[in-house]
Structures are given as structure tokens and as C-alpha cells.
Amino acid sequence: MTDVDGSVSAPKLCVAALTHSYDSLSVLEEVSLTLHQGELVALVGPSGCGKSTMFSILTGTTTPSSGHIELDGAPIARHTAAFAYMPQSDALLPWRRVIDNVTLGLEMQGVRRREARARVMPLLATFGLDGFARAYPFQLSGGMRQRAALLRTVVQERSIMLLDEPFGALDALSRIEMQTWLEDLWNRHSWSTILITHDIREAVFLADRIYVLSPRPARVTAEVRVPLPRPRSLQTMSHPDFVGIEAQLRDALASSGAL
Amino acid sequence: MSTTSHQHTRPRRRLGVGTWAPAVVILATAVILWQLYTTRSGIDPRVLPSPSRIITAGWTARSALWANTIPTLQETALGFSLATVVGFGFSIVIDASRILRNAIMPLLIGSQTLPLVAIAPLVIIWFGFGITPKILLIALLSFFPITVAFLEGYRATDPDIERLLATMGAHRWRIFRTARLPTAMPFFFTGLRIAITYSIVVAIFAEYAGATSGLGIYIQQLTNVYRTDLVFAAIIVTTALTIILFAATYALERIMIPWYRRSRSPHQR
Ligand SMILES: Nc1ncnc2c1ncn2[C@@H]1O[C@H](COP(=O)(O)OP(=O)(O)OP(=O)(O)O)[C@@H](O)[C@H]1O
Ligand SMILES: [Mg+2]
């Protein structure tokens, strides 16, 4: 695998033959995937196939039936501090103001309140939350909630980010706005990220590489690279290569029985 | 959505004139009819005093009424505070382990079946005519709704939030403080409102069973001498007390969990 800078390197995260079933319900079947430093990998698959389960295994909430997970070449510990996780629901705490929600991860790490706030404050504007530090989650729009949840994830400064359908709850328009915003931000920071989505265009627009999953039990049916240059913009979406990759993904999903 | 606030449907909290008006009209009508009946029928005022007579008598005896209200209020406040502490304590213990839950819960439920009529005199024999037995009785009979409210509240915690905290490295107690307890607060206030009405009733009854002062013993003494007008006056004071305490829980709720009611206002999602 060639890294972003062109050199060959070992993957940061390596998931090998991960299999899981909830009682008799088989959810993951021999799923293998890799994530390199600075890479954004998307998992695309139909609803209910086992994408979120994948994340709960990585974060240690669920113990897999079998399989290996290696981080920087070593087997991963349960409840590792390697991941910053953004759940499918934004999971903002309704009783905490935005500022106290976004510093939640730092607070759990034992960072002092004053320092945590100082770290987060300059980022509020980038995340479109300027002037809303003292607001409660119910006072935010759907997009703002998602950005707050994302900011809470980012400031934890973990080595890998796990984003579970970060824009799933948004309307088409704010979704595109958030996607271009995220592409720009990720382009500048090169955060190693796994992104779950069932939006094909979103995957192509944001990812370096995409794994296509079959309906439950999830297997990897295709791995698609996205060599589109960055930064990407709205124009990228009408680029022939973009359209080509999109079609390729749709075919992969269709042949695995997802469409 | 991560909204974990509980789903009881209750009327909106801002009770405007429109909400109060029907109750006031009904009450006023009843009082007028009562007044007319007592004056027209020539019924013995010791059997049924007229509203005007009750008010006059109550006003004349206002210092005695007030002197007996103070101890009742004190008992209620202290007993009720004890109930909250005990109720919260039990809820933590029960929430902590299934074994403790199975061990304690039947006892708690059993404690709620104790007949007040039988137990009140006993407690007074054990602890005397002072304030202590009243506080204990009030706590005994009103901690349970608080415990149950907390337990329901803990269970309503959004599992996504709990999982998120776990991945952030939070352990049990931390998750409890950060997510489970705040989730339970709106439930707690519901329990509080149930408990506060119990508290007053128990306070009055415990005094009935033996006391030197308080609205309960005051009512008993006046009944014995057929001062029904003052009995009614004392009842009115008791009711007013309950309503005031009830309203106070809403005020407290507004201060302690400002995110709650407002996040449920109808024009929000
Ligand atoms: N804790 C659990 N216990 C039992 N079954 C579960 C549990 N969590 C998920 N499942 C089941 O596992 C399957 C995969 O669920 P998962 O949440 O991983 O799907 P998903 O791919 O994330 O779906 P979506 O795109 O709709 O979010 C589903 O059929 C679900 O019912
Ligand atoms: Mg999911």
C-alpha cells in the first residue's frame, strides 16, 4: 500500500477475518480491512448489515466471536485509547451546554476544565458553532448537532477516528454542505479515519478507499480505491472518474444483493 | 436523537390564566352554593359551618393556626428531606448490583404495605411526642416513590451515551455521574411531587396519633369540642401548604434542570 506521501508503509490498523454473531444472528463474516496513517476509509453497506457492530467491536463494547485486530502491528487491547468514536446518533448530553459536550472526551481523559475549554474554544468557529458555546443541544439545528458531535470526536486527538454515519440524520442540502466542509477539514489535517455511510456519493467524495459490504452477514465484496485529486469540490462530483467509481460501487452493491 | 428525557405526557409548565380559570370557577361556584345552602337551610353551624363563618373564625384564630402550621411544616420539610436522601441512597445501592436489588427491593415494597394507623402509634411510643417520630414516619412513607423514580430514570439512559463514555475511558461510577444520574433528574422531580403530597398527609396523621403541637393535633382537639369552623380553616391551611410545596418543586426543577422543560416545548422538533 502506498501512503499519502507515496512511500510504502505498514497499515496503522489491521482487521483480519473478523467474525461476529449476536446469539444465533450472524452479523460479520470474515471481514478484513486495513487503514493507513492519514487515510480516510469508507465502509459502505446496506442498512442492518453490521457496520455499527464493526465499530462497537473496535471500541471494545462488543467482543467478537473470532478474528484479529492489530494496531501499529500489535494486537489491540480491549478499551484501547486509540479511537475517538462518533456514534450514529449524535449522543450529545441534553443537560450539558455545547462547550461542556465538546470537551466531554477531554474531561474523561482527566484534562482540567479550563485547559479543555481553552483547547476547544478556537475550534468552535471552524465547526460553525461560534456564539453557541453556552447553548443547549436542543437549541441547535441538526447540522450544528452533528458538527458539535464531530468536534467532540476530533478534540480527543486519538490516533484513529471512527465516524458512524455522521450526516445520516441530515437533509440532502445540509449533507452536501457538511461533506464539502469535512473534506476540506480532513484534507488539512490528514486524520486517520474510518467512515461508515450508506450514501455512495458521500463515500466517493470523502474517501481514499472504500470497502463494500454485503447484506447481513457482512462480508467485504469489493475494495475500491478513489484516486481523485484533493481538494475535492462540488465539481468533482460531476467528474467522469467520480461518476465511474460511483457506478462501480453501485454494481458491487447490486451484485452482492444489496440493491 | 439522543433525547433521553422521559416520556410522561404532562401539561406544559407555564400555567397561565387559561389553565387556572376553570378550577377557580368551579371552586367559586361550590363555595357560593355552600354559602347559600348553609344560610337558607338553617343547618347547625357546628355540623356544617358556612364559608364566611370559616373565614372569620380562621382569621380570628390566625395566630393559633400559624403556631400550629410551623411544626407541621418543619416536620414535613425534615421528613421529606430525609426521604429524598434515603430514596436516593437506596436507588444507588439497587442500581449497583442485581443481587442487592433482589435483596432490598422486596423489603422496600413490604415497607410500603405497613398500615400507617397501626405503625404511627408504635413509632410515637418508641420516640415520644416530639418531632422525631413524625420525621421518621414521613420518611418511611414517602421515600419509596423517590427510589422508584430514580431507578426508572437510570434505566432510561441512552445506551449510545453510555457506550460513548465507555469508549472515552469512563468507568462505572463516572458513567453513573455523567449520564445516568442527569437522565434520572426529570424522573426524580415526578417522584418528588408524589412524595410531597404523601408527606403532608402523613405529617397530619402522625400528629393525630400524638403530638403537642401541629395542624394534626389542632384539628383533633377542635373536632373534640365541635369547632368545625376552625377544623375547616385548618384544612384550608393544609391544602394551601400542599399546593405551595407542590409549586416549589416546579421552581426547583426549573433551577436544577433548565434544559429539561424547554427542550420539550412543542415547537422544538
Ligand atoms: N446489541 C445487539 N444485540 C443483538 N443484535 C444486535 C445488536 N446490535 C445490533 N444487532 C443486530 O445486528 C445487525 C447489524 O446491526 P448494525 O447496527 O451493526 O447494522 P448497521 O449496518 O450499522 O445498520 P444501519 O446502517 O441501519 O445503521 C442488525 O440486524 C441488528 O438487529
Ligand atoms: Mg449503524
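Once you have the Kirkwood Rh of segment A:1-115 from its Cα pairs, apply Stokes-Einstein at 37 °C and 0.692 mPa s and quote D in µm²/s. Don't skip to the end; give the middle numbers.
Working: Rh = 16.4 Å.
Answer, rounded: 200 µm²/s.
If I fit a long axis through the Cα atoms of helix B:215-224 and take the longest principal axis of the Cα atoms of chain B, what angle between them do I get, 0 to 90°, rounded to 10?
With both axes taken from Cα atoms, the answer is about 30 degrees.
Return B:Asp229, B:Asp160 ranked ascending by Cβ neighbour count within 10 Å, so the fewest neighbours appear first. Write out the running numbers ahead of the final one.
Values: B:Asp229 24, B:Asp160 18.
Final ranking by Cβ density, sparse to dense: B:Asp160, B:Asp229.
For chain A, report the translational diffusion coefficient in µm²/s to the nearest whole number, using Stokes-Einstein at 25 °C, 0.890 mPa s, and a Kirkwood Rh over Cα pairs. Let's see the in-between values first.
Working: Rh = 19.0 Å.
In µm²/s, the coefficient is 129.
List, in order, the whole-Hz ³J(HN,Hα) value for each residue of segment B:190-200 obtained from phi through the Karplus relation with A = 6.51, B = -1.76, C = 1.60 and θ = phi - 60°; use x for Gly and Pro.
5, x, 4, 5, 5, 5, 5, 6, 4, 3, 5
Give me A:Asp251, A:Asp164 sorted ascending by neighbouring Cβ count inside 10 Å, so fewest comes first.
Working: A:Asp251 13, A:Asp164 21.
Fewest to most other Cβ atoms nearby, the residues stand as A:Asp251, A:Asp164.
How big is the protein assembly as shown by the Kirkwood estimate over distinct Cα pairs, in Å? Present the calculation step by step, with values, prior to reporting the outcome.
Numbers: mean 1/r = 0.0360 Å⁻¹.
Kirkwood hydrodynamic radius for the protein assembly as shown: 27.8 Å.
Going by average Cβ density within 10 Å per residue, which order do the peptides A:128-139, B:182-193 take, highest to lowest?
Numbers: A:128-139: 16.5, B:182-193: 22.5.
Result, highest mean Cβ count within 10 Å first: B:182-193, A:128-139.
Compute the projected area of the convex hull of the Cα atoms of segment B:49-268, averaged over all viewing directions, and report it in nm² to one decimal place.
Details: hull surface 62.5 nm².
Over every viewing direction, the Cα hull of segment B:49-268 projects on average to 15.6 nm².
Between A:Gly67 and residues 5 or more places away or on another chain, which pairs have amide H atoms under 5 Å apart, with H built 1.01 Å from N, and which residues are they?
A:Thr19
When the helix-only estimate is applied to the protein assembly as shown (DSSP H runs of n ≥ 4, each -39,500 (n - 2.57), divided by the residue count), what is the mean residue ellipticity at 222 nm, nearest 500 deg cm²/dmol? Walk me through the intermediate numbers first.
Working: 20 runs with 292 residues, N = 528.
Computed mean residue ellipticity for the protein assembly as shown: -18000 deg cm²/dmol.
By counting other Cβ atoms within 10 Å of each Cβ, how are A:Trp95, B:Trp259 ranked from fewest to most? Display every interim value, and only then the final one.
Numbers: A:Trp95 24, B:Trp259 20.
Sorted ascending by nearby Cβ count, the order is B:Trp259, A:Trp95.
Select from A:Val154, A:Val226, A:Val243 the residue whose mean-square fluctuation is largest in a Gaussian network model of chain A (Cα-Cα springs shorter than 10 Å).
Between A:Val154, A:Val226, A:Val243, it is A:Val243 that shows the largest mean-square fluctuation.
Show the residues, 5+ positions off or on another chain, whose built amide H is closer than 5 Å to the amide H of A:Ala222.
Residues meeting the criterion, in which the H sits 1.01 Å from N, are A:Val212.
Per-residue HN-Hα couplings for segment B:228-243, Karplus 6.51 cos²θ - 1.76 cosθ + 1.60 at θ = phi - 60°, whole Hz, x for Gly and Pro?
Computed from phi, the couplings for segment B:228-243 are 4, 4, 6, 4, 4, 4, 5, 5, 4, 4, 4, 4, 4, 4, 4, 4 Hz.
Taking amide H positions as placed 1.01 Å from N in the peptide plane, with prolines and chain starts having none, which residues 5 or more places from A:Asp90, or on another chain, fall under 5 Å of its amide H?
Here B:Ser2 satisfy the definition.
When you have a sec, figure out the Kirkwood radius of segment B:89-220 from all distinct Cα pair distances and drop it here in Å to one decimal?
Values: mean 1/r = 0.0602 Å⁻¹.
Kirkwood hydrodynamic radius for segment B:89-220: 16.6 Å.
What angle do you read, to the nearest 10 degrees and between 0 and 90, between the alpha-carbon axis of helix B:17-41 and the longest principal axis of chain B?
20
What do you get for the angle between helix A:172-189 and the principal long axis of chain A? Use alpha-carbon atoms, 0 to 90 degrees, nearest ten.
That works out to roughly 90 degrees.
Every number in this text was worked out from the coordinates using simple rules, so none of it is lab data. Here the structure is a predicted model, which means the values were calculated and not measured. Please note: Cβ atoms are built from the backbone with ideal geometry, for glycine as well, and neighbour counts cover all protein chains shown.
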